[in-house]
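Reviewing the structure listed below.
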Amino acid sequence: MTRTQLNWMLLIVLVALACLTLAMERDSSKPNFEIMPDMAHSVPYDSFAPNPNFYDGKTLQPPIPGTIARGEQPLYYNATPEDAIRAGEELHNPCSATDEAALARGAKVFAVYCAPCHGGAGRGDGLVAQRGFPPPPSFHADRALTMKDGQMFHVVTYGFGNMPSYAVQVSREDRWKAILHIRDLQRKEAAAAQNQAAAPAVPAEPVAPAASAEPAAPPVPSAPAVPAAPATGTIEIPAPVQPAPVEPNVTAPGVSQ
């Protein structure tokens, strides 16, 4: 194809497009010519379209009361302390304490969602608590040790106190596995405390007296006693002792010594 033929073809296409544009309806309230109407107008009713086949005239119908979505298991509890206690009596952890896969999964879930507040060991000393947020109670306290798995599951699901609900972030299976990991932390803490209490006490070594770097100073002699003054209030001064005169040694002449 030569360049002239290509130019003429492009000109024809341009004129055809101009004619189609002019032929289109300019009134926006009226639809244009539909080449494939089935793609623009579906045969079934739309979700929010009127439907004369139902008594309420709606296409989208509400679910029948009591309907359970596929894969969902509803919980018939409220976010109250009374229902938390009832959940502790009725719900039980389906995961076994000897399931290593469940323990490993629970450790991962705990590290992501629980450790920021509760700490890695569950003592309530997480990074969030260290930055000023009210610290949560320790999992090794008496209340947590006596709390049943079902009640702990209720707390994770509905929240309690400063703790929000984690039902959206954590699935039901992962919630049970995280509780399984908490129980494992409690067992390890109790075993460590028991071993520490059973260990014999190590006697303290005697402390040797510190050696003095300088020798002891000799005792200072006491000053002589001063005689007491007489009762009259006067002080007697002893007379000075006069030395005895020394006689010169005189020899007679002619006498040798």
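The numbers here are math on the coordinates, done by the rules we state, and not lab data. Just so we're clear, the structure is a prediction, and the values are computed from it rather than from any experiment. So basically every Cβ, Gly included, is an ideal-geometry build from the backbone, and we count neighbours across all protein chains shown.
Descriptive notes on the structure:
- Test: residue in the stretch 105-117 that is in contact (Cβ under 8 Å) with a residue 40 or more places away in the chain, in contact with a Pro (Cβ under 7 Å, 6 or more places away or on another chain) and of a type outside the set (Asp, Glu): yes
- Pair list, Cβ under 8 Å, 6 or more apart: the stretch 158-180 residue on the phi < 0 side of the Ramachandran plot and buried (at least 20 other Cβ atoms within 10 Å of the Cβ), other residue assigned to a loop (DSSP other than H, G, I, E, B) and acidic (Asp, Glu): LEU180/ASP99
- Within the stretch 142-165, being under 17 Å from CYS95 (Cβ atoms) and aromatic (Phe, Trp, Tyr) holds for one residue alone: PHE153.
Yes/no matrix, rows are residues, columns are (1) among the aliphatic types (A, V, I, L, M); (2) loosely packed, with under 13 Cβ neighbours inside 10 Å:
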| residue | (1), (2) |
| --- | --- |
| TYR76 | no, yes |
| ASP83 | no, no |
| ALA102 | yes, no |
| TYR113 | no, no |
| PHE139 | no, no |
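- Under the condition of being under 18 Å from ALA167 (Cα atoms) and either in a loop (DSSP other than H, G, I, E, B) or of a type in the set (Val, Ile, Thr) (or both), the residues counted in the stretch 96-140 number 2.
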